Structure formats: C-alpha cells, structure tokens
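What follows is a single structure, written as structure tokens, with notes after it.
The values are calculated or read from the model by the stated rules, or taken from the named source; none is laboratory data. Here the structure is a predicted model, which means the values were calculated and not measured. Glycine also receives a Cβ, built like all others from the backbone with ideal geometry; neighbour counts cover every protein chain displayed.
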Amino acid sequence: MRPVGYTLRQLQCFVAVAEHGSITAAAEQLRVSPSAVSGAVDELERVLRTQLTVRRRAHGVSLTTSGHDVLRQARNLLGEAEELELRARDSGDELRGPLMVGSYHTLAPTVLAELLAAYTERHPGVDLDFVSGSQADLVDRLARGELDLAVVYDVALPPNVQVHRLYEATPRVVLPADHRLAQDGDRPLPLELLAAEPFILLDLPPSRENTMALFDLAGITPRVRFRTTDFELTRSLVGRGLGYSVLIQHPSSSLTWGGRPLTTRPVEPGPQPVGVGLAWDAGVRRSRRADAMVSLAREIHAVHR
C-alpha cells in the first residue's frame, strides 16, 4: 500500500478552518498558533495538488469546490481515526465516546426522549448529546458528519439518507373536546365538514406538506386562521377554541399545557400513514455507538407494535 503524503493533523486544521471560517478562530479552537494552522493547510493543498481554500484578509476563509469535496472526506477519515482509537480502548462490550443524535421538532418529546433514557441506562460510558431541528437542517447536518443519527419522518428524504423505520403514524383531526364534531368517537371525520371552520396549521415541513396534501385529496382549501411552528402552541390554540388542526403526533395526554381537553378523530378520505424512523447518511460510516442506538430503537418499537 502506497503511503499517503498528508497527516491527520493537517486534516484537523483544514476541517477547523472550514468550520470556523478563519485561520485565527481555527487556531484558537485547536490551541495552536495561526501560523501552524496556515502551514498545515498549505502543506495539505501541496500534497493534494489542489486549492482547497480562498483566503481574504478582511473576509476570512471560504472553500473552493475541491475544498468542499475534501472537507466531507476529511471528516470521514477523522471520524474513522477516532473510532479506531475508541475501539482499541473499549473493554469487552462497553461503549465509550461521543454520540450526537438529532430529532425533528415534534418527535423529540416522544421518540427521542425515550431513546435517550434507554440508551443512557444501557451504555453509560457513551457521551450522548442531542439537538432538535427542522428536517432539512437534520439532513444537512447528517451529511456534514455533525450528527450520527436523526429521528425523522420518512418523507421526501434525499437518496443519500438511509432510514430504519420504527413505526407509522396516521394524521388525525384535533378538536376542542366540546366541539360539535368531537362527539362521534373514532368514526372517520370527513374534512368537508370542517371546510368552513378556522384552521390552525403547523407550518413546519414536511408536516405542512403532508397536511395540505390531505386537503388537496379532499378537494378542499382550508381557512387558515393561524400558522405556528410550535407543536404545543398548535394544540393550545385548538384547546382555546380558536380552530381545529391536523397533526401526525399525538401525546398520551389529551390535555393541552393549559389544561384544556382535546379530542382527535380519524380523517376521511383516509390519509396514508407516515413513517417515523432513525436516519443516517449513507456516506458516513456508522460507529459502534450509532449501531447500538439503531438496535435499541428496533427493540423498543418492536415491543410497542
């Protein structure tokens, strides 16, 4: 095997510069001198025979097209190197090291919270952390190697994202408990009966697109009164009698945070179930810690089915 001409330290310096946008900030993060960082990036460019960065004194550092391509590969190589070190230090089945998990906003209180609790109990040596965000943000962060896994809806995901589907959820109409259409239990509710009612839209993709597709299927244009990006605010507005909503996730409690009772009913015409899954980027090799999270999620949701 031909020896490579670059070092892991050069890759670390390049990644730090790309992430912080300047030589000085990268040097502070790595606790070395700016000249050392600049020299490492220069040498990496020389070895790879391509320009990776554009450096402007007043505007920081930006990446060339080649730089963006090398950045992704450099993150993978550094991750592999870290994984090698962690595996060598692991004793038996005990896992150690970092694991960063993301979650779509509305799935964090239910799916993610349960996974974090169970994983922490089973693998206490793992430095587990999480973020919540939009689906697009999570997909981008998976691709950049900033997240190991993410809890997402299995809807409109790019081909580079692979998903282990945990369960399927079906959208339901959410009404105040005293609404005239809330009294028929679990009978499907035709959306046409709500056409004249004020609608509260959870304005987050892909929930928004999935909800509006239901109205398109029924040939109805909803009377949107409020748009929110907060799941609990949506439920609270419904509980206050300000309209109805259509949501995919439904907490075990039928009460809003303000103590107002809600009722849910199936939708007619019947919507397609939406998959909820644990996702990762196909171009980033999963660590043993991430594999353990996928296995645990499979166990939990096999029991729930």
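General observations
- Listed by first and then second residue, the pairs linking a residue in the range 183-209 that is touching a residue at least 60 places away in the same chain (Cβ under 8 Å) and under 12 Å from R227 (Cα atoms) to a residue that is part of a helix (DSSP H, G or I) and of a type outside the set (D, E), with Cβ atoms under 8 Å apart and 6 or more places separating them unless they lie on different chains, are L202/T106; L202/R208; L202/T211; L202/F231; L202/T234; L204/H105; L204/T106.
- Every condition in (1) more than 15 Å from T264 (Cα to Cα); (2) surrounded by 20 or more Cβ atoms within 10 Å (Cβ to Cβ) holds for L175 except the one numbered (1).
- Looking across the range 214-266, the residues that are small (G, A, S) and surrounded by 14 or more Cβ atoms within 10 Å (Cβ to Cβ) come down to A218, S236, G239, G243, S245, S254.
- Of residues in the range 125-142 being hydrophobic (A, V, I, L, M, F, W, C) and in a helix (DSSP H, G or I), the one nearest to M293 (Cα to Cα): L142
- Some residue of the range 207-223 being in contact with a strand residue (DSSP E or B) (Cβ under 9 Å, 6 or more places away or on another chain), among the acidic types (D, E) and not assigned by TED's automatic domain parsing to the domain that holds N76: no
- Here the range 273-304 is the region considered, the condition is being out of contact with any helix residue (DSSP H, G or I) (no Cβ under 9 Å at 6 or more places or on another chain) and without any contact (Cβ under 8 Å) to a residue 24 or more places away in the chain, and the residue that is nearest to G79 (Cα to Cα) is D291.
- Residues that are farther than 27 Å from R285 by Cα and surrounded by 15 or more Cβ atoms within 10 Å (Cβ to Cβ), drawn from the range 56-81: G60, V61
- Residue count for the range 276-305, restricted to those that are touching a Phe, Trp or Tyr at 6+ places or on another chain (Cβ under 7 Å) and small (G, A, S): 1
- Residues located in the range 211-249, provided they are part of a strand (DSSP E or B) and closer than 23 Å to Y104 by Cβ: V224, F226, R227, T228, Y244, S245, V246, L247
- When the range 192-210 is limited to residues that are crowded, with 20+ Cβ neighbours inside 10 Å and more than 21 Å from Y104 (Cα to Cα), the one that is modelled with the highest pLDDT turns out to be F199.
- Looking across the range 8-38, the residues that are surrounded by fewer than 20 Cβ atoms within 10 Å (Cβ to Cβ) and in contact with a Ser or Thr (Cβ under 9 Å, 6 or more places away or on another chain) come down to G21, P34.
- Residue ID - nearest to Q249 (Cα to Cα), chosen from residues in the range 111-133 that are touching a residue at least 60 places away in the same chain (Cβ under 8 Å) and surrounded by fewer than 17 Cβ atoms within 10 Å (Cβ to Cβ): E114
- Residue that is over 28 Å from L115 (Cα atoms) and among the aromatic types (F, W, Y), where the choices are F231, F215: F215
- Among the residues of the range 143-157, those identified as under 16 Å from L204 (Cβ atoms) and part of a strand (DSSP E or B) are A150, V151, V152, Y153.
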